[in-house]
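A short reminder: the numbers here are calculations on the coordinates, not readings from a lab. A quick note: this is a predicted structure, and the numbers were derived from the prediction, not measured. Cβ sites come from the backbone with ideal geometry, for glycine too, and all protein chains shown count toward neighbours.
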């Protein structure tokens with residue numbers, strides 16, 4: 001896969017200090033901030049915001065309208081469905097000048113469903129799945145399906161996402 005070109009749509013804004021891996025595609029109206037790292041062969045779809053210092057592994061797919069804020073790290077082959085959001089502040093206040101970023105980790109092969117919200121400070125385990133519309137407030141074990149608000153464990157799944 002070496003010598004694969006990077007595609008960046010003319011409407012996208014990618015900071016000079018961002019690192020974009022070979023074979024990655026950055027589509028319409030995407031913003032990739034300073035010092036973000038996007039691995040090889042990723043697809044960053046329309047209207048996505050990647051904040052400064054965010055890290056994406058190889059082969060990630062980030063669908064339309066997703067916001068990935070500073071402090072979030074996605075492992076290899078993570079799928080993020082349309083309009084999902086990651087937070088990075090446990091006590092958001094417009095007047096708090098001294099807040100600190102709370103880190104969030106999504107491990108290899110995990111999938112985040114459309115319109116889900118991932119509250120900062122959690123870890124989503126390998127090949128776990130978050131159902132569409134869920135609000136994740138605590139860690140998700142590897143190979144688990146969670147759903148709801150707040151997201152709750154439903155059952156174990158295999159690597160392909162089927163009930164095991």
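Which whole-number percentage describes the relative contact order of the stretch 20-135, with Cα contacts under 8 Å and a sequence gap of 6 or more?
18 percent
Just want the ordering: 85, 137, from fewest to most Cβ atoms lying within 10 Å of their own Cβ.
137, 85
Run the numbers for residue 28 and residue 108: contour at 0.36 nm per residue of separation, minus the present Cα-Cα distance, in nm.
That works out to 26.2 nm of additional length.
Report the residue, chosen from 94, 36, 131, that carries the largest GNM mean-square fluctuation when the chain is represented by alpha-carbon nodes joined by springs under 10 Å.
Maximum fluctuation in the GNM of the chain, among the listed residues, is at 94.
Between 45, 11, 144, find the one with the highest GNM mean-square fluctuation for the chain; connect C-alpha pairs within less than 10 Å.
Sorting by GNM fluctuation, first place goes to 11.
Rounded to whole Å, give me the distance from the Cα center of the stretch 1-35 to that of the stretch 59-80.
Taking the Cα centre of each part, the stretch 1-35 and the stretch 59-80 sit 14 Å apart.
Output the antiparallel fraction of DSSP beta bridges having both residues in the chain, as a percent to the nearest 5.
10 percent
Mean-square fluctuation check for the chain, GNM, Cα pairs under 10 Å: which of 127, 79, 153 is largest?
Highest fluctuation among the options: 153.
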